[in-house]
Each structure stands twice: as C-alpha cells, then as structure tokens.
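Beneath this line is the structure, given in structure tokens, with notes to follow.
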Amino acid sequence: METVLSINNLTKHFGRIKAVNNMTLEVKRGMVFGMLGPNGSGKTTTLGMLMGVVNKTSGSFSWFGELPKDEIRKKIGAVLEHPIFYPYLTGQQNLELNAMIKESTPANIPKVLEIVELSDRKDDKYKTYSLGMKQRLAIASALLNDPIVLILDEPTNGLDPMGIAEIRKLIKKIAEDGKTIILASHLLDEVQKVCSHFAVLKKGNMVYTGPVEDVGKGGLVIEVGPIDNQLHSALKNFHGIVSMKDENNHFLVTLQEGIKSQDLNKYLFEQGIAASHLIARKKTLEQQFLEILSEAPTS
Ligand SMILES: Nc1ncnc2c1ncn2[C@@H]1O[C@H](COP(=O)(O)OP(=O)(O)OP(=O)(O)O)[C@@H](O)[C@H]1O
Ligand SMILES: [Mg+2]
C-alpha cells in the first residue's frame with residue numbers, strides 16, 4: 001500500500017511542555033487513521049505541524065514521499081478546531097469565498113454540498129445553521145480542492161447524538177469514496193466506529209499504534225482460587241475458557257475474547273462455588289486505553 005504520510009521522530013516542545021515527543025508513524029492510502037488521546041495529549045499540535053501551522057521543534061514528516069511545501073498542502077483538506085465562516089453569508093457564499101481563498105474552482109461547490117447533504121440549505125445564512133450543519137459545511141470546505149487526504153480535529157465535539165451519528169456516517173462515506181482520513185479524537189468508541197487504524201497518545205508520547213480490529217482481541221488472564229477439585233472441574237467445563245494452569249494456590253485462567261471476569265464469577269456461583277480469590281491479571285487493550293483516556297491532563 002502506498003504511503004501517504006510518514007512521520008519520523010516528530011517533536012514539539014512549548015517551553016518545558018513536551019506537547020509531542022518523538023512521534024514516528026505511517027499512514028497508508030485508504031486508511032482512516034485515528035489519533036486517540038485525552039485532553040492535552042498532543043493531537044491538535046500534531047495535526048497543526050502536519051498542516052504547517054505549528055512549527056516543529058525537531059524530527060520530520062513527509063506527505064506522499066515529499067517534504068512539505070505549499071503545492072503538496074493543496075492535496076490535503078483540513079478541518080482544524082475553529083473553521084471561520086461569515087454568519088451573515090449563506091453556506092453557498094461562504095464556500096465561494098473559501099474556494100477563492102484556496103484557489104480552487106467554484107465548480108466543485110454543488111458536489112461538496114451534495115456530499116455533506118447541505119444542498120437544500122445552501123441559500124440559508126450560516127448563522128441559522130445547527131452545530132452539526134456548521135461542521136458539515138466545514139467538511140465541505142475542506143473537500144473543495146478534491147484533496148487526497150482529509151484531516152479532522154475532533155469532528156463530533158459538541159454535537160448531539162444525532163449530529164454525531166451524521167458526521168460519523170459522512171466520514172465513512174468520504175472514506176469509501178477513496179479518501180485517506182486522519183482524525184483526532186478523545187473517544188475510543190468513536191475511533192472504533194470510524195477508523196481502520198489508530199495511534200494512542202499519552203502526554204505527547206505515542207504509546208500504541210495498530211489496526212482498530214486488534215483492540216478487542218486477546219482475552220483476560222485471571223487468577224482463581226483456592227485450588228480444589230470442584231473448582232478444577234467447574235473451570236474445565238466453562239465455555240469461555242481458552243486455557244488454564246496451576247500456579248501456587250490458584251489456577252491461572254485465560255478467557256476467550258469478550259468474556260469478562262464477571263461472567264466467570266457468575267458461572268462459578270451458579271455451580272455453587274464461591275471463589276475467594278478471583279483477580280484479573282492482564283488487562284485487555286481496550287481497558288488499557290480507557291484508563292489512559294480517563295487520566296487527567298498534565299496542564
Ligand atoms: N500554543 C501553545 N503554547 C503553549 N502550550 C501549548 C500550545 N498549544 C498546545 N500547548 C500544550 O501542548 C499540549 C498538547 O496540547 P494539544 O492541544 O495538542 O492537545 P490535544 O490532544 O489536542 O488536546 P484536546 O483534546 O484538549 O484538544 C498541552 O499541554 C497544551 O497545553
Ligand atoms: Mg485538540
């Protein structure tokens with residue numbers, strides 16, 4: 001697969017704040033790549049560097065195998081935190097203005113309005129738009145140049161459940177049309193729903209990267225005890241078990257993917273066994289990410 005973006009040891013320090021630390025990753029064509037991290041983990045700073053609006057401290061990145069320059073940036077559409085539109089102009093007029101600024105043709109406007117499903121509201125003033133419509137107009141503007149890559153920073157922030165669902169559906173549609181998408185989010189659930197691959201950021205450090213489908217993989221490992229025959233045969237008959245072995249005074253049990261320790265506990269209870277010792281040893285990736293995401297920001 002063709003590499004769209006290659007990041008090498010990219011670093012940004014704001015004084016003593018290490019916003020982004022030695023980030024290295026690759027985004028291939030067709031991926032929907034999620035940058036997942038809690039507030040202050042460096043997502044916006046990373047996207048800002050990639051768009052050339054934040055100066056890097058060190059490291060490098062290349063788009064389509066080339067060092068960043070203006071010409072290349074035209075192949076990238078971005079919706080960063082606060083898109084600027086004029087409240088008293090209509091959606092159509094705002095896009096015309098944007099097309100002029102970006103030196104792209106206004107001929108694309110009907111098409112992008114169609115994609116974001118705003119064609120029927122194009123002649124209404126921007127200030128009358130709902131938050132979700134404003135976000136969709138921002139995406140329309142980013143698509144004006146027919147970019148190869150679309151960058152979105154927290155695209156569903158502040159929207160209601162309906163607006164969130166619409167934006168997620170739109171992102172999937174744009175990806176299916178063949179665009180590569182890079183999006184920042186602090187929601188694991190969002191990344192799982194729309195992304196194909198992702199990186200997890202924690203205080204400026206990338207702590208994980210891989211395909212989204214791996215998140216749910218790998219069962220829990222649980223200590224159950226004390227060892228006795230009744231427990232042993234009950235465990236052997238539990239449907240959610242992958243393997244078990246003796247260890248000191250307890251069994252070490254690997255559960256199938258998706259089986260929780262509560263499921264095991266409930267099963268044992270139904271068998272008339274009250275295990276006095278039952279602890280999860282290894283956490284699933286999902287649990288680890290949820291813990292990272294719930295940590296308080298550093299600043
Ligand atoms: N212009 C700046 N000057 C000083 N510090 C900054 C600046 N921009 C960002 N930072 C700091 O860099 C760190 C990363 O911020 P960044 O905005 O990239 O995080 P984020 O992951 O996008 O967070 P959020 O989820 O809140 O949008 C934070 O500690 C932030 O305070
Ligand atoms: Mg941010």
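Brief remarks on what is shown
- Calculated FRET value between Asn229 and Asn39, using beta carbons and R₀ = 45 Å, to 0.05: 0.30
- Fewest-first sequence of His13, His197 by Cβ atoms within 10 Å of each Cβ: His13, His197
- The modelled label-to-label distance between Phe64 and Leu131, using points 7 Å beyond Cα along the C-beta direction, is 3.6 nm.
- Taking a straight line from the alpha carbon of Lys245, these lysines sit under 16 Å away, with near neighbours fewer than eight places off in the same chain left out: Lys236, Lys282.
- Protection proxy ranking for 188-194, 50-56, using the average of other Cβ atoms within 10 Å per residue and placing the highest first: 188-194, 50-56.
- Neighbour-count ranking [beta-carbon atoms within 10 angstrom, fewest first] of Thr254, Thr3: Thr3, Thr254
- Asp146-Asp124 FRET efficiency (beta carbon distance; Förster radius 22 Å; 0.05 resolution): 0.30
- In this structure, the residue pairs whose Cα-Cα separation is over 19 Å, taken from Lys43/Lys173; Lys169/Lys202; Lys12/Lys43, are Lys43/Lys173; Lys169/Lys202.
- Shown in residue order for segment 94-100 are the 3J(HN,Hα) couplings computed by the Karplus curve 6.51 cos²θ - 1.76 cosθ + 1.60 at θ = phi - 60°: 4, 5, 4, 4, 4, 4, 5 Hz (x for Gly and Pro).
- In the chain, helical runs assigned H by DSSP with n ≥ 4 each contribute -39500 (n - 2.57); averaged across all residues and rounded to the nearest 500, the mean residue ellipticity at 222 nm is -9000 deg cm²/dmol.
- Residue order, fewest to most beta carbons within 10 Å, for Lys111, Lys236: Lys236, Lys111
- Computed Rg/Rh of segment 63-166, alpha carbon atoms with Kirkwood Rh: 0.97
- Set of aspartates and glutamates with alpha-carbon distance to Lys203 below 19 Å, sequence-local pairs under 8 removed: Asp153, Glu154, Glu286, Glu291, Glu295
- Two-site label geometry, Ala274 and Thr57: point separation in nm, points 7 Å out along Cα→Cβ: 5.5 nm
- In sequence order, segment 248-263 has phi-based couplings of 6, 9, 9, 8, 9, 10, 9, 8, 5, 3, x, 8, 9, 4, 4, 4 Hz under the Karplus curve 6.51 cos²θ - 1.76 cosθ + 1.60, θ = phi - 60°, and Gly or Pro positions carry x.
- A simple packing score, the average count of other Cβ atoms within 10 Å per residue, orders the peptides 271-281, 39-49, 89-99 as 39-49, 89-99, 271-281, with the highest score first.
- Sorted on the mean count of surrounding Cβ atoms within 10 Å across their residues, most packed first, peptides 201-212, 116-127 read 201-212, 116-127.
- Taking amide H positions as modeled 1.01 Å from N, with prolines and chain starts lacking one, the residues under 5 Å from Leu152 and 5 or more places away or on another chain are Val79, Ile182, Leu183, Ala184.
- DSSP bridge orientation in the chain - percent antiparallel, rounded to nearest 5: 65 percent
Read-outs: derived from the displayed coordinates by stated rules, not from any lab. Note that the structure is a prediction, hence the values are computed from the model and not measured. A quick note on method: Cβ atoms are made from the backbone with ideal geometry, for glycine too, and the neighbour counts reach across all protein chains shown.
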